[in-house]
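In what follows, a structure is listed as structure tokens, so that the remarks can point back to it.
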Amino acid sequence: MIQKYICSNGVRIIHEKMPHLQSVAIGLWVHAGSADETKEQEGIAHFIEHMLFKGTDTRSARMIAEQFDQIGGDLNAFTSKEMTCYYTTVLSQHASYALTVLSDMFFHSQFKEEEIEKEKSVILDEISSVEDMPDEDVDERLWAGMFPDDAIGKPVGGRAETIKSFTKEMIEKFMVKHYRPENLVISIAGSYDERLIKLIEANFGSYQSKEQASTSILDESIPNFTAQQIIKVKDIEQAHLCFGYPSLPSTHDKVYELSLFDSILGGTMSSRLFQEVRENRGLAYSVYTYYAAYENAGSFVIYCGTSPENFQETYRTIDQVIADVLNDGLTDKELRNAKEQLKGSFVLGLEGSESRMYRNGRNELVLGKHQTIDEVVKHIDSVEKRSVYRLGQQMLASDRATSIIAPKSNIQQLKKLQN
């Protein structure tokens, strides 16, 4: 059973007991990501995530790393467009110790100028490395083309120009605005007792914001989707292609239909695109779809990496698969298989403490509600084929954004393909 406790300052504690385990996962979820940044702040949410590992008033960066090694625990973090999460998985007997270190990082990180400068170099290298990974680069460029006027289209890592400008004052200003009690969810899953809940409340239940909250902390505007074509000429061994379509926000009641359509079109090995592009024609090793749903917007994406020689045929084949779906619809067998695949991956993915912690933290932060496993399975089973098809038809019939990284010869072929 998922339980929820709200501290007097607004911090939410979401916890789920899994007494058969010997571990516990603890996550600090902050409703602050790259979508909350101004143009001058691009990359600062991710930068802060890095800086919380660089030392506190009483612990150096080395001490933090060694203390988790000493208890055999895992400590990590990530930043996305809408949130930042700091999390650990440890043996149950070390939960209180791990939480103490996490809270020290959260409240007492020093942000020393020399550490800020060193981390700038690290993150600049991280940004540059995307250039060497065209499958990631083509995706980032797609999002910039789909949402050019909104922070959701910007890369989470930021830009070199903004990274170089960051100061301790800028970091603290962003944290004062966004690292607020009402923006914090602490998610726990695994084997623990009530002493851990009391310790969380003692550490996090009394801190207050340093400034009054604005009327609306989060931007409620809906980003405009733009069907741009982004092209980068590069002399590489593969041509990389991404199509992006406007899709659903995370709070939409048709997200199960979206997930099922994703599975049918390109999300599995039995999907239409995988079977036609890779298995039947041997045109590419990697072809898949994914969807990203955010609070006010979403996108459905098709990706393929193929040889320059196969670029034209691959492009045409993807378009033909899309046309077949739009014209012929979906089969009962496809929907049945997609439902079983979705249920299986969902249930099997929740067998560990970390995955439960992740699910509960994200659901509370983004949706503010929780469903049992049985409720989710029942919802998946209730989805009708016509509803999945209508959603897919609506997305794929829309004007799409395109991102391509390929040799010059492939770019010259595009006009023929698009006429």
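List of remarks:
- Spin-label model distance (nm) - Thr100 vs Asp74, 7 Å beyond Cα toward Cβ: 2.4
- Between helix 113-131 and the chain: long-axis angle, C-alpha atoms, 0 to 90°, nearest 10: 20
- Accessible area expressed per residue, the chain, with surrounding protein chains retained (probe 1.4 Å, Å²): 47
- FRET E, pair Glu66, Glu340, Förster distance 56 Å, beta-carbon r, rounded to 0.05: 0.80
- Gain upon complete extension [Glu279, Asp328; 0.36 nm per residue less C-alpha separation]: 15.5 nm
- Using C-alpha pairs under 8 Å with a sequence gap of at least 6, the mean separation divided by the residue count of the chain gives a relative contact order of 23 percent.
- For the range 249-294, the relative contact order is 38 percent, taking Cα pairs closer than 8 Å that sit 6 or more residues apart in sequence and dividing their mean separation by the residue count.
- Sites Glu384 and Lys210 - FRET efficiency at Förster radius 45 Å, r taken between beta-carbons, to 0.05: 0.35
- Helix axis angle, 61-70 relative to the chain longest principal axis, alpha carbon, degrees: 90
- The range 143-209: C-alpha gyration tensor shape, a/c 1.5 cut-off, then a/b vs b/c: prolate
- Entry for mean projected area of the Cα convex hull in nm² (calculated from the structure that is shown) out of [x] 22.9; [y] 21.1; [z] 19.4: [y]
- Stretch gain in nm, segment Asp235-Leu417, where the contour uses 0.36 nm per residue and the Cα spacing is subtracted: 63.5 nm
- Distance in nm between pseudo-label sites at Glu194 and Asn9 (7 Å out along the Cβ direction from Cα): 2.3
- Residue ranking by accessible heavy-atom surface, 1.4 Å probe, largest first, among Asp132, Asp262 comes out as Asp132, Asp262.
- Ranking of Ser270, Ser165 by solvent-accessible surface, largest first: Ser270, Ser165 (1.4 Å probe, protein heavy atoms only, all chains present).
- Accessible area of Val377 in the full protein assembly, 1.4 Å probe (Å², nearest 10): 40
The values are calculated or read from the model by the stated rules, or taken from the named source; none is laboratory data. From a predicted model like this one, the values you see are computed outputs, not experimental measurements. All Cβ positions, even for glycine, are placed from backbone atoms using ideal geometry, and neighbour counts span all protein chains on display. We work out accessible area using only protein heavy atoms, side chains counted, and drop any ligands, DNA or RNA first. Shrake-Rupley method; radii C 1.70, N 1.55, O 1.52, S 1.80 Å.
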